[in-house]
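The values are calculated or read from the model by the stated rules, or taken from the named source; none is laboratory data. Note that the structure is a prediction, hence the values are computed from the model and not measured. All Cβ positions, even for glycine, are placed from backbone atoms using ideal geometry, and neighbour counts span all protein chains on display. For the accessible areas, the whole protein counts, side chains as well, though only heavy atoms, and no ligand, DNA or RNA atoms are used. Shrake-Rupley method; radii C 1.70, N 1.55, O 1.52, S 1.80 Å.
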Number of protein chains: 2
Amino acid sequence: MTRKELIQQIKNKKSFLAIGLDTDINKIPKHLLSMEDPVFEFNKQIIDATKDLCVSYKINTAFYESRGIAGWKSLIKTVNYLPKDIFSIADAKRGDIGNTSAMYADAFFNEESSDMSFDAVTVAPYMGKDSVTPFLKYDDKWVILLALTSNEGAKDFQFTKNEEGFLFEKVLKTSQLWANDHNMMYVVGATRGEAFLEIRKHAPNHFLLVPGVGAQGGSLADVCKYGMNKDCGLLVNSSRAIIYASSSEDFAAAARVEAQKVQAEMKEELRAIGF
Amino acid sequence: MTRKELIQQIKNKKSFLAIGLDTDINKIPKHLLSMEDPVFEFNKQIIDATKDLCVSYKINTAFYESRGIAGWKSLIKTVNYLPKDIFSIADAKRGDIGNTSAMYADAFFNEESSDMSFDAVTVAPYMGKDSVTPFLKYDDKWVILLALTSNEGAKDFQFTKNEEGFLFEKVLKTSQLWANDHNMMYVVGATRGEAFLEIRKHAPNHFLLVPGVGAQGGSLADVCKYGMNKDCGLLVNSSRAIIYASSSEDFAAAARVEAQKVQAEMKEELRAIGF
């Protein structure tokens, strides 16, 4: 998906919501467990109930890999069930030396090879340029590079500081030598809205994927106040608060209600930039 | 596998070789392609031909994921074919927030969940403590944390310097607050042997997983000179130079010849520390 198509979708739906399909077989409603593929059935119903309210689904690959072959099957079925006009993210945090990252790119972008073709994959920056660039060789596909994450452990290395600034700032600056705002986004955690001021100094135009709103404690208003740009420039993710809104047979309807609440708030925020 | 068992194996085999099963279906001998699972068949023959010469197999998950379900099946069959007394490494470079890393730990360590149980998994440090510690909850399983990698892109962030030293040194020091030399190893690239002097200042006792000897240009003698400790403390990986030694029907025998050359050199190095 191109940047232009993504922005158009945000305008059409008045939403910049990414719904995280962090689907844990131990947390889904019990009545699904007798089905052939409970995880896919859960995802299918969540997607059907929310696809007009979000512009992206983010699939956390760990939740699928943890179940071996069965999980990998659920993953492939889910990716291929997603509407083609919705921005699909493999939240996989991959990254290795060049020839290996090329294999990971095949895994997530090359349908002929893996039966999956996401629009984007999250990538860890520690191994540098040649671990990232193999993902950039696909037209209209995106790398979403970890910059500043929302977890406690973000403090351990991402805030390492020297005369060039923090490490996460160096990641933002250096990676712009390899990619641009049409093929790279950044993961920026939302636990402190003011952090977006620093991020926007270095990446004014890039889209930012923002986890941590909801269950992890971030505020959508703060994220928009400090992080939104003229093209919106944000994909805000919510996983647990939406998909586990109910553990009963009404789970999909309950997820829709939660997604509507977020989308209504997003509609107001988008109004402020004329979308 | 415990540290003691690993050291005993090194003594018994006079080897600290890890063979990398970076098995690319486009590079294996053509006569295997008519078989039901060519990648597993290739791995099986390589393992049969080399298992007395190495103490570890390192499986690069990207090469399997790239082929979707078929690849994941080859991966699971390969892991379960490995002799139980050989140290098995999932070279997966994972790492995410705590609840997600716990899922990755299930993927690679919890046989009931995923049908796979490796002895170790490689983990990327960027997201810090809570991205690493979920992997440490399994007895006798290991995290192999990326410290200094052998690729060109290692320069981009790993050598970021401040008054505490380089970032890779901070990774070594900080991670020792979470783990010890019985459940953590470090990936240290071998392109410059002298770098091991710095590494050993911070991690004198830890085992180091050393890629980059052979195809990536490192010298085994230098790695031993600067990196070996009294318990050996090294697992040196070779992938392409061994597994692709021949592209004909004799590939397994050719791989054995290459593995023997490395093992003979390792035997001499081990003699120097009385093993």
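Within region B:80-99, residues that are over 30 Å from residue A:152 (Cβ atoms) reach partners that are part of a strand (DSSP E or B) and among the aliphatic types (A, V, I, L, M) with beta carbons closer than 9 Å, at six or more positions or on different chains, in the pairs B:82/B:59; B:87/B:18; B:87/B:120; B:87/B:235; B:88/B:59; B:88/B:120. Being surrounded by 21 or more Cβ atoms within 10 Å (Cβ to Cβ) and at positive phi narrows it down to one of B:189, B:274, B:212, so name that one. On inspection, the qualifying residue turns out to be B:212.
Within region A:222-271, the residues that satisfy the criterion of being in contact (Cβ under 8 Å) with a residue 40 or more places away in the chain, more than 21 Å from residue A:209 (Cβ to Cβ) and small (Gly, Ala, Ser) are A:246, A:247, A:248, A:252, A:253. The residue list A:100, A:122 contains one member that is more than 7 Å from chain B (Cβ to nearest Cβ) and out of contact with any Pro (no Cβ under 6 Å at 6 or more places or on another chain), which is A:122.
Kindly indicate whether residue A:113 is open to solvent by less than 10 Å² (accessible area, probe 1.4 Å) and on the phi < 0 side of the Ramachandran plot. No; evaluated as a whole, the condition is false for this residue. The residues of region B:6-29 that are among the β-branched types (Val, Ile, Thr), within 14 Å of chain A (Cβ to nearest Cβ) and open to solvent by less than 20 Å² (accessible area, probe 1.4 Å) amount to a single one, B:23. The single residue among A:93, A:155 that is surrounded by fewer than 22 Cβ atoms within 10 Å (Cβ to Cβ), within 7 Å of chain B (Cβ to nearest Cβ), at pLDDT 95 or above and within 18 Å of residue B:127 (Cβ to Cβ) turns out to be A:155. For region B:189-210, a residue qualifies if it is part of a loop (DSSP other than H, G, I, E, B) and free of Cβ contacts under 8 Å to residues at least 60 places away in the same chain, and the qualifying residues are B:189, B:190, B:191, B:192, B:193, B:194, B:203, B:204, B:205, B:206. Could you tell me whether any residue of region A:83-90 is more than 10 Å from chain B (Cβ to nearest Cβ), surrounded by 24 or more Cβ atoms within 10 Å (Cβ to Cβ) and of a type in the set (Val, Ile, Thr)? Within region A:83-90, one or more residues are more than 10 Å from chain B (Cβ to nearest Cβ), surrounded by 24 or more Cβ atoms within 10 Å (Cβ to Cβ) and of a type in the set (Val, Ile, Thr).
I'd like the residue in region A:220-260 that is of a type in the set (D, E, K, R) and surrounded by fewer than 15 Cβ atoms within 10 Å (Cβ to Cβ) and, out of all such residues, is nearest to residue A:186 (Cα to Cα).
Within region A:220-260, the match that is nearest to residue A:186 (Cα to Cα) is A:230.
Are any residues in region A:64-79 open to solvent by less than 10 Å² (accessible area, probe 1.4 Å) and either touching a residue at least 12 places away in the same chain (Cβ under 8 Å) or in a helix (DSSP H, G or I) (or both), and if so, which ones? Passing the criteria: A:64, A:65, A:68, A:71, A:72, A:74, A:75, A:78, A:79.
Just checking, does region A:131-140 include any residue being farther than 17 Å from residue B:168 by Cβ, touching a residue at least 12 places away in the same chain (Cβ under 8 Å) and either facing another protein chain (nearest Cβ under 8 Å) or buried (at least 24 other Cβ atoms within 10 Å of the Cβ) (or both)? Yes: one or more hits.
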